[in-house]
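Worksheet: the structure to be examined is printed underneath.
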Amino acid sequence: MKGVEITLKVLFASILLGYSMAFIAGFCRLSNNIILRSFTGFYVEVFRGTSLIVQLFWLYYALPMLFGWDIGSNFWAGVLAISLNYGAYMSEIVRGSIQSVAKGQYEASTALNMSRFQRMRLIILPQAVRMMLPEFGNYLILMLKSTSLVSLIGMADILYQGDLLKDANLSLAPTVYFLVLVFYFIIALPLIWLTKKMEGMSKKGVAS
Amino acid sequence: MPEVKSESLQETSTNNEDVIVSYKDVKKSFGDVHVLKGINLDIKPAEKVALIGPSGSGKTTIIRMLMTLEEPSAGEIIVDGKNLWHMEKNGKKVPANEKHLREVRGDIGMVFQHFNLFPHMTILENCMTAPIHVQKEDKESARKRSIEMLEKVGLGDKLENYPSQLSGGQKQRVAMARALVMRPKVMLFDEVTSALDPELVGEVLEVIRDLAEEGEMAMILVTHEMDFALDVADRVIFLDEGVIAEEGTPSEVLEHSDNERLQQFLHRFRSSN
Ligand SMILES: Nc1ncnc2c1ncn2[C@@H]1O[C@H](COP(=O)(O)OP(=O)(O)OP(=O)(O)O)[C@@H](O)[C@H]1O
Ligand SMILES: [Mg+2]
């Protein structure tokens, strides 16, 4: 089924871009630079405060018409909308996790004369990432579900293919949508497994 | 920035070479609370100094400023001839940047009340990480020295354990080993036994006593263990209301002083124990 392939492509691209966005925005919000901080704060609030469908339509329909920015393809419009949206949510997790690493950890690493960068890389981030993992896992599954929205901008993903089949023969609708359900669930299985695994990892050796 | 060792900043130290740490009229306020009102204190290499005083008198703040965890509001701290919080730039004295702080504070180590071990690392990794990344020591030698140090504090059999698997006393001994592998010239101890169950205090004090007897490292101990201070310290400093109110040998300060506030403090202390 070609629909599965497209869903998976959109999913993986969104995961990669979304996590990158989460870290970039998360770090920006912790930066000392006020402009950077408020700019990312604005981005995060806008993308969290509006719905993904609207963002998708903006990127795909409105932006090209208003500013002549053409994203290039509905694939990239979809991926961009999903990753910017989830990146905004997840950047809050990144920021929150980094901030919730105990103050004593900063102090101990300073007392060992680590540089700011070493402190972040060796001490703070490894602990923060462990706190992020379980939530990141949940977002993985949410992202999969959101990929179905790209059918609305004409991408032939699982849902879109299902719709086509249904349109061809309405009596098949129950079977078709059952199959769509099964496909999504099969894709979700490894993600669910991964999430469990991440939760397990995050528990290891953290509590002090 | 290239080596900016200024003459004027160095001058302070050249005339007294047997001082490893020098506080010069150091003040510290938090908002409008003046916690330290002018501390002058010279510490000799290998000297063991016990810092005592009522709660809130600023003992922790004094040593945190030396560890660069807190910036003084005024005054200077000189470490091994180098000005800790100031550096020279275009012939002017300016606040130190991170690079300068790192150059100077390498001589200082600290052990905290609440251990602050790295929970995501094994005991051995807790000790090895800084020598490898900060001092660029090669892995094998850092590992070897860390193991030796952990054996010395009696934890040679816990190398692969995580901090969460240790008792408080063991954690604090790891914290000491972790600081010691950096070979500091001055080691700071902030009430390192006060978060421990009473029956675990002894094992930690014993390690500190051994360190003190070995000798070469200067030590500043903030402590409420008066008997221990009497035993280990070369000098006891009584801090009160933001100034050094009394100082001298342990027996002078703890047994023969007629400073009234000190008497009150010691009295309250003995009666509460
Ligand atoms: N970061 C801070 N912000 C505001 N006030 C602070 C801060 N750190 C310390 N203080 C105040 O400075 C004073 C001295 O604190 P400090 O911790 O140095 O005292 P201490 O002598 O170590 O006391 P204790 O025996 O209770 O540990 C206290 O009144 C404390 O409330
Ligand atoms: Mg204190």
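Per residue, the convex hull spanned by the Cα atoms of the stretch B:115-239 amounts to 110 cubic angstrom.
Of the residues B:ARG235, B:ARG261, B:ARG64, the one that moves most in a GNM of chain B with alpha-carbon contacts below 10 Å is B:ARG261. Taking the inverse of the mean 1/r over every pair of distinct Cα atoms in chain B gives a Kirkwood hydrodynamic radius of 19.6 Å.
Tilt of helix A:74-100 relative to the longest C-alpha principal axis of chain A, in degrees (0 to 90, nearest 10)? Helix A:74-100 and the main axis of chain A meet at about 30 degrees.
Between the helical axis of A:173-203 and the longest alpha-carbon principal axis of chain A there is an angle of about 10 degrees. Nearest 5 is fine: what % of DSSP beta bridges in chain B come out antiparallel, could you say? Counting DSSP beta bridges with both partners in chain B, the antiparallel share is about 60 percent.
Checking the a/c ratio against 1.5 first, then a/b against b/c, what shape does the Cα gyration tensor give for the stretch B:196-273? Note, shape of the stretch B:196-273 comes out oblate. For the listed peptides A:94-101, A:145-152, B:253-260, A:74-81, a ranking on the average number of other beta carbons within 10 Å per residue, highest first, reads A:74-81, A:145-152, A:94-101, B:253-260. Each Cα pair of the protein assembly as shown feeds into the Kirkwood radius, which the Stokes-Einstein equation turns, at 10 °C and 1.306 mPa s, into a diffusion coefficient of 60 µm²/s.
Model label sites at A:ILE34 and B:LYS93, defined 7 Å from Cα along the beta-carbon direction, differ in position by 3.0 nm.
Normalised by the number of residues in chain B, the mean separation of alpha-carbon contacts (under 8 Å, six or more apart) gives a relative contact order of 24 percent.
In a DSSP loop and with at most 10 other Cβ atoms within 10 Å, there are no GluC sites (Glu not before Pro) in the stretch B:113-149. Per-residue 3J(HN,Hα) values for the stretch B:40-46, derived from phi via the Karplus relation 6.51 cos²θ - 1.76 cosθ + 1.60 with θ = phi - 60°, read 10, 7, 10, 10, 8, x, 6 Hz in sequence order (x marks Gly and Pro). Determine the shape class of the stretch A:4-204: with a ≥ b ≥ c the square roots of the Cα gyration tensor eigenvalues, call it rounded for a/c under 1.5, and otherwise prolate if a/b is greater than b/c, oblate otherwise. Cα axes put the stretch A:4-204 in the oblate bin. Other protein chain C-beta atoms within 10 Å of residue C-beta, averaged over A:102-109: 6. Restricting attention to the protein assembly as shown, close to 60% of DSSP beta bridges with both partner residues there are antiparallel. The mean number of partner chain beta-carbon atoms within 10 angstrom of a residue's beta-carbon across peptide A:112-120 is 6. Label positions at B:ARG183 and B:GLU252, each projected 7 Å from the Cα along the C-beta direction, are separated by 3.4 nm. Based on C-alpha pairs under 8 angstrom that are at least 6 apart in sequence, the stretch B:104-251 has a relative contact order of 26 percent. The amide H of B:ALA245, built 1.01 Å from its N in the peptide plane, has B:PHE238, B:LEU239, B:ASP240 as neighbours under 5 Å, considering only residues 5 or more places off or on other chains.
Normalised by the number of residues in the stretch A:4-204, the average gap of Cα pairs under 8 Å and 6 or more apart makes the relative contact order 27 percent. Beyond 19 Å, what share of the Cα-Cα pairs of the stretch B:117-183 is found? Please give it as a whole percent. Here the long-distance tail beyond 19 Å is 19 percent of all Cα pairs in the stretch B:117-183. Between the stretch A:1-61 and the stretch B:54-103, what is the separation of their alpha carbon centroids in Å? Value for the Cα centre distance between the two parts: 42 Å. In this structure the amide hydrogen of B:LYS48, modeled in the peptide plane, comes within under 5 Å of the amide hydrogens of B:MET219, B:ASP234, B:ARG235, none closer than 5 places in sequence on its chain. In this structure, the residue pairs whose Cα-Cα separation is over 31 Å, taken from B:LYS89/B:LYS185; B:LYS99/B:LYS139; B:LYS99/B:LYS152; A:LYS197/B:LYS144, are B:LYS99/B:LYS152; A:LYS197/B:LYS144. Peptide B:113-119 is shielded by partner chain Cβ atoms: per residue, an average of 6 of them sit within 10 Å of its Cβ.
Any read-out appearing in this document is the output of simple, stated calculations on the displayed coordinates, not a laboratory observation. Just so you know, these numbers come straight off a predicted model, no measurement behind them. Ideal geometry is used to build each Cβ from the backbone, glycine not excepted, and the neighbour counts take in all protein chains shown.
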